[in-house]
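> I have a structure here, written as structure tokens, and I will follow up with some questions on it.
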Amino acid sequence: MSRPAVASPMTEYKSPRIVIRGLRKHFTDIARQEEIVAIDGVDLDIGDDEFLTILGPSGCGKTTLLNIVAGFDQATSGVVTLDGEPIRKPGPDRGVVFQEYALFPWLSVEQNIEFGLRERGIPKAQRLERVRKQIASVGLSGFERRYPQELSGGMRQRVALGRVLANDPKILLMDEPFAALDAQTRTIMQQELLFVWSTERRTALFITHNIEEAILLGDRVVVMTARPGHIKEIVRVALPRPRDVTSAEFNQMRRKVAALLEDEVQATFATLQGALAT
Amino acid sequence: MQEWMFGQPGSTPYSGTWLQHTLNSSYRVFGGFIIAAVIGVTLGCLIGWFRLVSDLLDPIIQMMRPIPITSWVPFAVIFFGIRDASAFFLIALGAFFPIVVNTAAGVAGTPKLLIRAARMLGIRRYMILPRVVIPSAMPFIFTGLRLGIGLAWVLVIVAEMLAVKSGLGFVMWDSYYFLRMDIIIGAMLSVGVLGFLSDLAIRLIGRWVLRWSHGL
């Protein structure tokens with residue numbers, strides 16, 4: 001009620017949920033016997049209800065960043081907190097949607113969506129109620145008894161989204177979730193994701209290498225550099241939703257972000273060529 | 001052969017005894033196979049999942065595996081006597097190896113991504129094995145069981161020829177002394193058909209358990 005009808009697009013988010021400070025991540029490449037710096041000093045806040053997209057060339061450490069927030073990987077140094085609590089391991093307060101779906105193939109659609117609730121010991125009656133609602137909200141009605149293998153990529157990703165939303169997470173972490181989908185399905189899934197995000201109001205961290213997708217979805221777009229990955233620039237997307245990808249303003253944003261990314265893609269390419277030459 | 005299978009008992013030493021011998025053999029296969037399945041799947045899960053168990057048990061299993069089961073016959077007879085227990089032991093031992101090796105491979109091959117997904121959804125650590133790893137390894141487990149049941153039929157014949165005094169294997173060996181080749185062939189065919197049927201049973205169970213993956 002107290003929320004202003006139209007928030008000024010330049011308003012800083014007052015209450016960050018995720019706070020990342022001085023994040024660094026090193027790997028040891030065993031084959032080459034060398035230390036690889038995947039993430040080199042990232043400071044980032046993700047605000048309450050914010051949709052943040054991270055854009056970067058391949059190998060820039062954006063997936064590593066997400067994995068650290070998810071609790072799958074440990075940072076070499078630096079801190080990541082969710083609502084002030086340091087993140088140490090994966091948990092249902094951070095729902096992850098993977099590019100490869102990662103559904104349990106032996107469970108039906110409804111059993112997949114029920115999985116988290118069941119493992120967390122939610123009573124059966126409550127579980128079924130939540131599952132029913134979630135299946136409807138991600139558009140899977142009529143597919144409850146199907147197995148993942150029988151579904152298209154888009155449908156599988158709906159299951160993956162429904163599965164984490166059923167857990168009512170504080171933040172949604174998405175690692176290029178639509179990268180494996182065809183263009184039309186991808187557009188539909190983007191719209192549906194925005195719809196779910198706007199109706200359920202949730203903080204979201206979305207990783208992509210697709211410029212249009214980053215601008216279409218994000219309140220802010222974080223552009224990362226080539227390895228060692230750090231933040232090159234954070235671009236605020238002040239366009240009202242729903243966004244028209246063919247509008248002049250959108251194109252302007254696209255050009256701006258593309259210019260930022262161009263050097264980094266070149267740098268990655270050069271590194272790759274260098275690696276091949278040796 | 002016909003009188004052996006369906007004839008009146010008592011008219012000759014063999015007539016009408018087929019059903020009894022077949023039941024004896026089936027009982028031994030079934031018992032030995034169940035023992036092998038329970039121990040094999042359990043140990044396979046532990047070997048595939050816990051590094052320490054694998055380091056301890058896997059070398060022993062791999063060393064025992066190439067030793068022919070027939071070489072265990074003297075020990076079986078000494079420890080268990082000329083009784084069913086000997087046959088159970090030999091069959092279980094032989095069927096155990098393909099079951100344990102396949103189960104361990106399936107468990108160890110569980111996609112890491114599925115374990116991550118389960119952890120992210122809030123699973124308790126000790127539930128990962130029953131809820132994610134074992135279902136994911138099911139196709140391997142059923143492959144192991146199919147290999148195991150086939151081997152169980154091979155071994156029941158060996159056991160009955162050498163260590164027990166009844167069953168199809170015993171009949172084969174015994175009728176050889178009287179050069180009753182017809183009975184030997186009848187026993188061979190019986191084993192073939194029974195082996196086929198028991199494999200079919202496991203395949204049907206597997207198809208139901210693995211209905212998510214379009215059958216075996």
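> What number of residues in segment A:113-134 are touching a residue at least 12 places away in the same chain (Cβ under 8 Å), in contact with a Lys or Arg (Cβ under 9 Å, 6 or more places away or on another chain) and of a type in the set (Val, Ile, Thr)?
So the answer is 1.
> Would a scan of segment A:133-146 turn up a residue that is hydroxyl-bearing (Ser, Thr, Tyr), within 11 Å of chain B (Cβ to nearest Cβ), at negative phi and open to solvent by 30 Å² or more (accessible area, probe 1.4 Å)?
No, there is no match, as no residue in segment A:133-146 is hydroxyl-bearing (Ser, Thr, Tyr), within 11 Å of chain B (Cβ to nearest Cβ), at negative phi and open to solvent by 30 Å² or more (accessible area, probe 1.4 Å).
> Every residue in segment B:113-151 that is within 14 Å of chain A (Cβ to nearest Cβ) and over 17 Å from A:Phe115 (Cα atoms), please.
Within segment B:113-151, B:Ala137, B:Met138, B:Pro139, B:Phe140, B:Ile141, B:Phe142 meet the criteria.
> Output yes when any residue across segment A:193-207 is modelled with pLDDT of 95 or more and of a type in the set (Val, Ile, Thr), and no when none is.
yes
> Hey, another quick one. So, in segment B:35-69, how many residues would count as being part of a helix (DSSP H, G or I) and either charged (D, E, K, R) or surrounded by fewer than 15 Cβ atoms within 10 Å (Cβ to Cβ) (or both)?
Count: 12.
> Only one of (1) more than 24 Å from A:Arg146 (Cβ to Cβ); (2) out of contact with any helix residue (DSSP H, G or I) (no Cβ under 8 Å at 6 or more places or on another chain); (3) more than 12 Å from every other protein chain (Cβ to nearest Cβ) is not met by B:Ala105, so which one is it?
All conditions are met except number (2).
> Does segment B:165-177 contain at least one residue that is of a type in the set (Gly, Ala, Ser) and free of Cβ contacts under 8 Å to residues at least 24 places away in the same chain?
no
> Let me ask something else. Within segment A:117-126, is even one residue away from chain B (no Cβ under 14 Å), surrounded by fewer than 18 Cβ atoms within 10 Å (Cβ to Cβ) and under 21 Å from the mean Cα position of the chain (by Cα)?
no
> From A:Val159, A:Val222, grab the single residue that is over 24 Å from A:Ile20 (Cβ atoms) and not aromatic (Phe, Trp, Tyr).
When all the criteria are applied, what remains is A:Val159.
> Continuing with this model, one more query. Out of the residues in segment A:154-179 that are over 16 Å from B:Ala117 (Cβ atoms) and away from chain B (no Cβ under 12 Å), which is most open to solvent (accessible area, probe 1.4 Å)?
Among residues in segment A:154-179 that are over 16 Å from B:Ala117 (Cβ atoms) and away from chain B (no Cβ under 12 Å), the one most open to solvent (accessible area, probe 1.4 Å) is A:Lys170.
Per-residue answers, yes or no, for (1) basic (Lys, Arg); (2) on the phi > 0 side of the Ramachandran plot; (3) without any contact (Cβ under 8 Å) to a residue 24 or more places away in the chain:
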| position | (1), (2), (3) |
| --- | --- |
| B:Pro74 | no, no, yes |
| B:Gly81 | no, yes, yes |
| B:Ala95 | no, no, no |
| B:Ala108 | no, no, no |
| B:Met120 | no, no, yes |
| B:Ile149 | no, no, no |
| B:Val156 | no, no, no |
| B:Ala159 | no, no, no |
| B:Ala163 | no, no, no |
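> I'd like to verify a number: residues in segment A:84-110 that are at the interface with chain B (Cβ under 9 Å from one of its Cβ atoms), among the polar types (S, T, N, Q) and either under 20 Å from the mean Cα position of the chain (by Cα) or surrounded by 20 or more Cβ atoms within 10 Å (Cβ to Cβ) (or both), how many?
Number of matching residues: 0.
> Can you find, within segment B:201-216, the residue that is nearest to B:Ile157 (Cα to Cα) among those that are among the aliphatic types (A, V, I, L, M) and surrounded by 12 or more Cβ atoms within 10 Å (Cβ to Cβ)?
So the residue we want is B:Ile202.
> Please work out if A:Leu151 is buried (at least 16 other Cβ atoms within 10 Å of the Cβ), of a type in the set (A, V, I, L, M) and either closer than 24 Å to A:Trp197 by Cα or touching a Cys at 6+ places or on another chain (Cβ under 9 Å) (or both).
yes
> Assess whether B:Met161 counts as being more than 14 Å from every other protein chain (Cβ to nearest Cβ), under 21 Å from B:Gln2 (Cα atoms), hydrophobic (A, V, I, L, M, F, W, C) and touching a helix residue (DSSP H, G or I) at 6+ places or on another chain (Cβ under 9 Å).
no
The values are calculated or read from the model by the stated rules, or taken from the named source; none is laboratory data. Computed from a predicted structure; not experimentally measured. Cβ coordinates were reconstructed from backbone atoms using ideal geometry, including for glycine residues, and neighbour counts include every protein chain displayed. Areas reflect the complete protein model, heavy atoms only, side chains present, ligands, DNA and RNA absent. Shrake-Rupley method; radii C 1.70, N 1.55, O 1.52, S 1.80 Å.
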